[in-house]
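Report on one structure; see the data block that follows.
The values are calculated or read from the model by the stated rules, or taken from the named source; none is laboratory data. Everything numeric in this text was worked out from a predicted model, so none of it was measured. Cβ placement follows ideal geometry from the backbone for every residue including glycine, while neighbour counts extend to all protein chains displayed. Just so you know, the surface numbers come from the protein's heavy atoms only, side chains and all, with ligands and any DNA or RNA stripped out. Shrake-Rupley method; radii C 1.70, N 1.55, O 1.52, S 1.80 Å.
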Amino acid sequence: MAIKPPLSDLPIKTADAGFYRGFSVNVTVVSKIIISALVAWCIVWPTQAGNVLGAWNTAILAQFAAWYIWVVTAFVIVCIGLAIWPTAGRMNLGADGEKPEFSNFSWFSMMFGAGIGVGMLTWAVAEPVAHFKNNPSVIQGITTALDADNVRTAYVWSYLHWGFGAWACYAIAGLALAFFSYRRGLPLTIRSSLTPLFGKSLSGPLGHLIDIVAVVATILGVAQTLGFGVDQFVAGLTRIGIGGLVHAEGALNAAGDSIAGTVNTLGIIVALVFIMGASTLSALSGVGKGIKWLSNINMVLSIILLSFFIIFGATFFGASAFFIGIWDYIVALPWLSVNVYSSDGVEGSEAFLLTQWQGWWPVFYWAWWIAFAPFVGLFLARISRGRTIREFVLGAMIVPALMCFVWFAWAGGTAIDLELNGEANGLILNAANGDKIFAMTEFMLSPISQALSWAMAVMIVVLLMTFLVTSADSAVLIVNTINAAGDEGPKARPHIVFWGAALALVVGGLLLSGGTGAIQTAMVIGALPFSVVMALMCVALIKAIYNDGRREAAGVEAVTVDPVVTPAE
């Protein structure tokens, strides 16, 4: 049987005129209805929304925890397999001989900034400290909370959540999109990555459904990041002297619990106006201008801040956490990748606490990265044309993971060291997650100079702002690209403004209906259907690469796009 050329035409109907000119009406309108309904529900009936989302979240964590853990493990295996598979590794994500558009520095800057950079400012300090206080080893009595014997275990879990699994989610989505768009000439949209499995049927309702799922997952995944960012941004503004953005002492919620120090409604509005206003302006300028320059700026500021922790923080403690932590992580990874705790149903028991902890941490993170994957994946595809599959996998999975480990080792290591030796005396440990990095830098610099401490807080706020804007404006452009059937060109301004406002309202509505916990819940729910799409992406990608290898051996053309020769910067 003769080997046929690959499918290189997937027509997606778009409007020829009117407000939705150039957009897939089926995808755009349905996505807007779903997101608008979620916003209205959370703002008009916040208590009901919080309760219902919480119930759904509990059910999903109970029934699908194993799925989330095992599917992310599969993503890591597929990425490593593609990198070492000779046929796959040498394939170019574009025409043969095509060169990358962006230099390595800009490529890594945009990848890190849009993909995970904003989380570093919250979790590089907060997460190692949290696991230093509690993790499965503490629950099982193997190590002691807040003691030296628990440091290595704290880093194993921190590296697990921000390591190869996180970036494998992004790499799978980005690789599939780049492969089918830049080797096949198919639209740069999620449905194209499944053409080896469903063929031209993806031009119709099935393809529309896949893209809608991707848009909703993207909005909820980015909303999770922005929700954490709002908390930290307001904490930073408070630290530099802007008051009135958090609840005062004595403030209680509807249940009578203290909410003193948490972000109030004014704080949410101020933060979202700043972040989404700037991100919408940046999105209007496109990837090559606003996003690229913002990414370069936040990479430089990140290096300055990280250098501060390495030089003036726990230098040797951080080095130990980095090198020994990576070794411990790699050794533990096979078991951590498949282990699923089972609850015995007895509240407070060891089995119950282990299951609860796994839902709070690994399962939540895997859902977060999966929900983030359509956005980051499509963005990675957009900036990675002309790179080989091996280069893409190593660049998109290994290098950013190592950057995360550096942050956790020296920023988080400095916090743990200050608490472990008694200097901080709970000052960092007891601060809110978003405020921990501000509490730590203030503790380190205030004895030297109050002005220097204030200046560091300002720099962190600016860095946080650039990370948040990079994530938000990238998300707006990616959502519009999916809605426009993969068209990467300039989109109608009203649609960019709509999605910028919609993202702000989703974050604000969910924060009002239950804080970051409500955003977390909505994101875990939204990630579930897209995790199925991503599993199918893996199958489709392997099938396509295998068939391309057979085509090359038989002399059948496998690449159906013309090269775009753009010299690197």
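When the C-alpha to C-alpha distance is required to be over 20 Å, the pairs from Lys13/Lys99; Lys4/Lys99; Lys32/Lys200; Lys133/Lys436 that qualify are Lys13/Lys99; Lys4/Lys99; Lys32/Lys200.
For the chain, what does the relative contact order come out to in percent, with C-alpha contacts under 8 Å and a separation of six or more? Mind dumping the intermediate values first?
Numbers: 899 pairs, mean separation 206.5, N = 569.
Result for the chain is 36 percent.
Near Thr388, the amide H atoms lying under 5 Å from its own belong to Leu93; only residues 5 or more places off or on other chains count, and H is placed 1.01 Å from N. When the Cα atoms of the chain are aligned to their principal axes, the ranges along those axes come out at 72, 52, 50 Å in descending order.
For every helix of n ≥ 4 consecutive DSSP H residues, a contribution of -39,500 (n - 2.57) applies; sum these over the chain, divide by its total residues, and give [θ] at 222 nm rounded to the nearest 500 deg cm²/dmol.
On the way: 21 runs with 383 residues, N = 569.
That comes out to -23000 deg cm²/dmol.
When the accessible area of the chain is computed with all protein chains present and a 1.4 Å probe, what percentage of it is carbon and sulfur? Taking all protein chains in place, the chain shows 67 percent carbon and sulfur surface.
Taking the C-alpha atoms only, the angle from helix 46-84 to the longest principal axis of the chain is near 60 degrees.
Using the Cα centre of segment 326-439 as the reference point, and only Cβ charges (+1 on K/R, -1 on D/E), how large is the resulting charge dipole? Debye, rounded to the nearest 20. List each step's numbers first, then the result.
On the way: 5 positive and 9 negative charges, 181 e Å.
So the dipole magnitude of segment 326-439 works out to roughly 880 debye.
For the pair segment 457-507 and segment 158-221, the centres of their Cα atoms are 19 angstrom apart.
Each of the peptides 520-533, 143-156 was scored by the mean count of other Cβ atoms within 10 Å over its residues; in descending order, highest first, they stand as 520-533, 143-156. For the chain, the longest principal axis of the C-alpha atoms and the axis of helix 364-383 are separated by about 50°. In a DSSP loop and with at most 13 other Cβ atoms within 10 Å, there are no trypsin sites (Lys or Arg not before Pro) in segment 317-400. Ranking Gly318, His247, Ala74 by Cα position along the charge dipole of the chain, where only Lys, Arg, Asp and Glu carry charges on their C-beta atoms, puts Ala74 farthest toward the positive end. Residues whose amide H lies under 5 Å from that of Val246, counting only those 5 or more places away or on a different chain, are Asn264; hydrogens are built 1.01 Å from N in the peptide plane. In terms of packing, defined here as the mean over residues of other Cβ atoms within 10 angstrom, the peptides 31-40, 12-21, 58-67 line up highest first as 31-40, 58-67, 12-21.
Rolling a 1.4 Å probe across the protein heavy atoms gives the chain an accessible surface of 37 Å² per residue.
Can you give me the Cα centroid spacing of segment 6-48 and segment 70-141 in angstrom? Taking the Cα centre of segment 70-141 as reference, the centre of segment 6-48 is 29 Å away.
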